[in-house]
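Data block below; observations after.
Read the figures in this text as sums done on the coordinates, not as results from a lab. Since we're looking at a predicted model, the values are computed, not measured. Virtual Cβ from ideal backbone geometry, glycine too; neighbours counted across all protein chains shown.
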Amino acid sequence: MLHVAINAQLVSFAESYRNAGVSRYTYTLLEGLSAEPGDQHYTAFVNEAEARAAASSPLGVSGALQLVAGSWRTGNPGRRILWEQFALPGELRRIGAQVFHSPVNVLPARLPCASVVTVHDLAFVHYPQYFRPARRIYQRTFTRRSAQHATRIVAVSEHTKRDLIERFGAPEERVRVIYPAIGADFAPVTDNAERAAFRAQHGLPERYVLFLGTLEPRKNLPLLVEAYARLRSLDENTPPLVLAGGKGWYYQTIFDRIRALNMERHITFAGYVAREAQRLWYACAELFVYPSVYEGFGLPVVEALACGTPVITSNVSSMPEAGGTLAIQVAPDDADALAHAMRDALADPQLRERTQREGTRWAGQFSVARMAQAYEAIYREAAAAGGGQGKRGR
């Protein structure tokens, strides 16, 4: 039986704004692995503060997956990094792990076993101004080293794979692409009563334009606000814009831009949206706009398409992979192009019909089972290749 250890320190088992991004990604991976039959056993190291919630979660009852609290209190980022670099290798020896997987960019400097690292993006290289200095330096230093020394590297898109090879010198023969997964619950909402009740609960009109994601610089929301203001100047009957998501960092420019353009009456903030409610926010929207300047993958694009909602996104980084031919793509620095794309999409009933017809099929390739099976194959491959003690894998 192959024993795989996974660093799940960033997973949050309680519903909160922290349970998004890489936290949600790791939880989804654990969920998929725990449901797969096979001869592999998984030990996931969780944050000590999350251990009780983890034990009572559905993942805690899986025979294939064991959730273990780390030996240190790692709620503080600095302590977590120290635990990962200095205490974790000893934990891996103690449990006899044959493969260690870090789902978020960074491996310990020295390991007693083969290793797999998942790299989500290199935004800290392309857009260093969007990151606080300490985080930028840490990610640049340790992600580069991890990509060069891991037994196997998983990139979440072809774009990230190219980035790793070109920017960090990752050995191409060790890099594999595994797309992220969305839950099976992301699907169109056909019950009109359910849709009406949702709108009433949140004070939403019959039609609205939606952005859903963390409020942070690379999501390009000031440009979205600018494009929306231009659209309203063309058509005063344009539906309101709803910005949904938790506050990340450097988000004050969004609010400043809205005030400068006098858009306060037409743009509203929904705040953090719980994972279970996201389907309704997508499905009831007339249009989903995700104009990010850079993404490792851009999972909200797939989620919205799965719910049958037309999507406009950027034509850069990995967004074309996420949206395929279903999503409308525009340059992330062109407010006029985005305004006209929104106007055309809102006026095109055939676009919505096509998205509802083809979105579910497109989203099918991003299933949890498919991601879990791909990771199982990578773990076996890494174990066969060997590695450990800080050596480069074969």
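Length available on full extension from residue 22 to residue 352: 0.36 nm per residue minus the Cα-Cα distance, which gives 115.8 nm.
Cβ-to-Cβ counts within 10 Å put 218, 199 in ascending order as 199, 218, the fewest first. Multiplying the residue separation of residue 185 and residue 132 by 0.36 nm and subtracting their alpha-carbon distance yields 15.6 nm. What the Kirkwood sum gives for region 7-140 is a hydrodynamic radius of 15.6 Å, with every pair of different alpha carbons counted.
Exposure proxy ranking for 161, 219, 247, based on other Cβ atoms within 10 angstrom of each Cβ and starting from the fewest, stands as 247, 161, 219.
The label-point distance for residue 385 and residue 177, in a model that sets each label 7 Å from Cα toward Cβ, rounds to 1.7 nm. From the Kirkwood radius over Cα pairs of region 227-325, Stokes-Einstein at 10 °C and 1.306 mPa s returns a whole-number translational diffusion coefficient of 108 µm²/s. Each principal axis of region 173-252 carries a Cα extent, and these read 54, 34, 23 Å when sorted largest first. Reported to the nearest whole Å, the Cα centre-to-centre distance from region 30-59 to region 165-225 is 25. Quickly work out the residue 197-to-residue 64 label distance, labels modelled 7 Å from Cα along the C-beta direction, and quote it in nm with one decimal. According to this spin-label approximation, the distance is 3.5 nm. For region 192-365, the ratio of Cα radius of gyration to the globular rule of thumb 2.2 N^0.38 Å stands at 0.94. When each of the peptides 190-197, 201-208, 297-304 is scored by the mean number of other C-beta atoms lying within 10 Å of its residues, the order from highest to lowest reads 297-304, 201-208, 190-197. Note on the chain: Cα-Cα pairs beyond 33 Å make up 32% of the total pair count. Averaging over all projection directions, the Cα-based convex hull of region 262-388 occupies 10.8 nm² in the image plane. Sorted fewest first by neighbouring Cβ atoms within 10 angstrom, 253, 309 come out as 253, 309. If R0 is 22 Å, the Cβ-Cβ spacing of residue 344 and residue 236 corresponds to a FRET efficiency of close to 0.80. For region 138-184, the direction-averaged projected area of the alpha-carbon convex hull comes to 3.8 nm². Take each peptide in 290-296, 369-375, count the other Cβ atoms within 10 Å of every residue, and average; sorted highest first, the result is 290-296, 369-375.
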